[in-house]
1. For the chain, what D do you get in µm² per second when you plug the Kirkwood radius from alpha-carbon pairs into Stokes-Einstein at 37 °C and 0.692 mPa s?
2. Restricting to the chain, compute how many DSSP beta bridges are antiparallel as a %, nearest 5.
3. For Lys6 and Thr370, compute 0.36 nm times the residue count separating them, minus their Cα-Cα distance, and round to one decimal in nm.
4. Choose one of Pro16, Thr261, Ser39: the residue whose Cα lies farthest towards the positive end of the charge dipole of the chain (beta-carbon charges +1 Lys, Arg; -1 Asp, Glu; about the Cα centre).
5. So what's the back-of-envelope 222 nm ellipticity for the chain, counting only DSSP H runs of four-plus at -39500 (n - 2.57) apiece and dividing by all residues, rounded to 500?
6. Around Asn284, what is the net charge, scoring Lys/Arg as +1 and Asp/Glu as -1 over all other residues with Cβ under 10 Å from its Cβ?
7. Largest first, how would His355, His166 line up by accessible area (1.4 Å probe)?
8. How much area per residue is accessible in the chain when the probe is 1.4 Å and only protein heavy atoms are counted (Å²)?
Amino acid sequence: MSSATKTQVGIIGGGPSGLLLSQLLHLRGIETIVLEKHSREYVLGRIRAGVLEHGFAALMREAQAGDRMDREGQIHEGFYIAHDGIRQRVDLKALTGGNTVIVYGQTELTRDLYEGRDRLGGVVIHNAEDVQPHDIDTSRPYVTYRQGDETARIDCNFVIGCDGFHGVSRQSIPKDGIRTFERVYPFGWLGVLSRARPVSPELIYAKHERGFALCSLRSPTLSRYYIQVPLTDTVDDWSDEQFFDELRRRLPGDVSEAMITGPSIEKSIAPLRSFVVEPMRYGNLFLAGDAAHIVPPTGARGLNSAASDIYYLYHALVDHYTKRDDSGLENYSRRALTRVWKGQRFSWWMTTLLHRFPDNSPFDQRLQETDLAYLFSSQRALASLAENYVGLPF
Ligand code: FAD
Ligand code: PHB
């Protein structure tokens, strides 16, 4: 059995990028269909980002999905960098002339976007198997997929690839149509979500000779902690007790003494990678978010970089449909990449500053120590960090 439908914009991937774009376009009268490989429960089971910049928050409000974020999200005016047994604060608000970030989990944000899609009657097709874009270099692209025994076809004007790093969209571009830039780091982050009061009301990024650690949170009763681990480690190598023992070792004494631990409710390992594809367009296929670029999570840039892609793409598509103006679509890749690369630079720098690199020479180590010493000796260096962390303007 097979069926065929038409829409204006076919979106592959029902993560934050795809849902946000679909919701924003719907509100401007532009039709979309979102195809998601997994079930909604699966998508909402993934624990990922926690820190949002205000540009993202503004888009969530414009998408009529920001009410709960505004009620439950926590405004953070600063964070700490711990090293050599001490903690030094980065006062984001003072250093940026009033800017801050919002701590609100990606899982909750995705849930809010799904609710927004339901409220407006948006079409999100879950468990879509074998999704495949076709004829993307023509003016009549289409997407096919399978659900059980049924195959279906969606004809559209544009296909938007929001299907993350492992998605099919980028892979459907001919090899000579794109160029990739990549760095793989020799470690991963082991993350634990724990039902316990967070050890600190503000995030602590810790540099330690045993490896990096991060104390983050989701709410006053939900903690999110990470430690740097070798790529060969698996989740089964780490009991809750071993995890918290190692985390404590990497934190200043006063912090580890104050740590309250609770049972882990999620535990996962994420490899660290920097990746960019250029351009972010091939014919009438446009890539956005993790489908086009990945950063190591140290600078909290990944989801925020996805949001700026969606901002540019949303306005470009609205201009196309409402003003017959294609300049936004033509400039999309260039504009998005300009900001993406700044996020790449910052994430690479934060990662290099704070992690233990197994192959670092004594010279590399001295440079790393000096980078940190310089940071806290210069208001200008701190202001640069803060400006990047709260998010450069779109
Ligand atoms: P995804 O969230 O990957 O969504 C893609 C969707 O497409 C998925 O639902 C997937 O199931 C679907 N899909 C895949 N293949 C197909 C297919 N073939 N057909 C149909 N659908 C498909 N970012 C920040 O900004 N701040 C942070 O604090 C932060 N912390 C992080 C911590 C960790 C541990 C990790 C791993 C990431 C973190 N990030 C952070 C990054 C952030 O989570 C990602 O950048 C974000 O998920 C990107 O959203 P996306 O919608 O582009 O891609
Ligand atoms: C998180 O809370 O998951 C988190 C926060 C900050 C980061 C990365 C992850 O830089």
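The values are calculated or read from the model by the stated rules, or taken from the named source; none is laboratory data. As the structure is a computational prediction, the values presented were derived from the model and not from experiment. Using ideal geometry, Cβ is built from the backbone for each residue, glycine included, and neighbour counts are taken over all protein chains shown. Heavy atoms of the whole protein, side chains included, go into the accessibility calculation; ligands, DNA and RNA do not. Shrake-Rupley method; radii C 1.70, N 1.55, O 1.52, S 1.80 Å.
1. Working: Rh = 21.9 Å.
Approximately 150 µm²/s, per Stokes-Einstein.
2. On the way: 54 of 76 bridges.
Expressed as a percentage, antiparallel bridges in the chain total about 70.
3. Numbers: separation 364, 0.36 × 364 = 131.04 nm, distance 5.81 nm.
Here the segment from Lys6 to Thr370 would lengthen by 125.2 nm.
4. Most positive-ward Cα: Pro16.
5. Numbers: 12 runs with 143 residues, N = 394.
So the calculated ellipticity at 222 nm is -11000 deg cm²/dmol.
6. Values: positive: Arg140, Arg281; negative: Asp135, Asp137.
Charge balance in the 10 Å sphere: 0.
7. Details: His355 5, His166 150 Å².
Most to least solvent-accessible, the answer reads His166, His355.
8. Numbers: 17390 Å² over 394 residues.
That works out to 44 Å² for each residue.
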